[in-house]
Amino acid sequence: MNRKILLVVLIVLIIGNLSFTYYFSSSFDKSMDDIKNFEDFDSGFVTKVIDGDTVIINGESVRLLGIDANEKGEKCYNEAKKRLEELVLNKEIKLERDNENKDYYKRYLRYLIDENGKINVNLELVKEGLAIARFYENEKYKLD
């Protein structure tokens, strides 16, 4: 009986190890070390848009700097989220840091620039009336 239990435990450990190795294999675009060092990135791949001013890039939550879009249930929420999806979803995007690295909610704070370097996504949402400009500590693109 003990041999059977030992054999089952051994099989479970082997399968678990294979699953872990597969999960963290090179099939991902970015290695886990890259994700841990997100603040060093100058670009990333957008996999999800949360709302009009927050996205998921390389598995990390990123808040767009210098803007504020309406929250769910408020006017223009859907329009801002949809437009942000059109601009960045499933695309490689350039990330630009300012004074602060993260906000109170532990989201990275970045300006997003399209892969060609021609569109400041944060500014584009303001220009289109889907977000308002809001600056606190970060003032890189603030106009007096």
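The values are calculated or read from the model by the stated rules, or taken from the named source; none is laboratory data. Note that the coordinates shown come from a computational prediction; the quantities given were computed from them, not determined experimentally. Just so you know, the surface numbers come from the protein's heavy atoms only, side chains and all, with ligands and any DNA or RNA stripped out. Shrake-Rupley method; radii C 1.70, N 1.55, O 1.52, S 1.80 Å.
The table below gives the values:
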| quantity | calculated |
| --- | --- |
| Spherically averaged projected area of region 83-123 from its Cα convex hull (nm²) | 3.4 |
| Values of log10 I(q)/I(0), in the order q = 0.13, 0.15, 0.20, 0.27 Å⁻¹, for region 52-103 under a Debye, Cα-only, solvent-free model | -0.33, -0.45, -0.78, -1.21 |
| Area accessible to solvent at K82, 1.4 Å probe radius, in Å² | 120 |
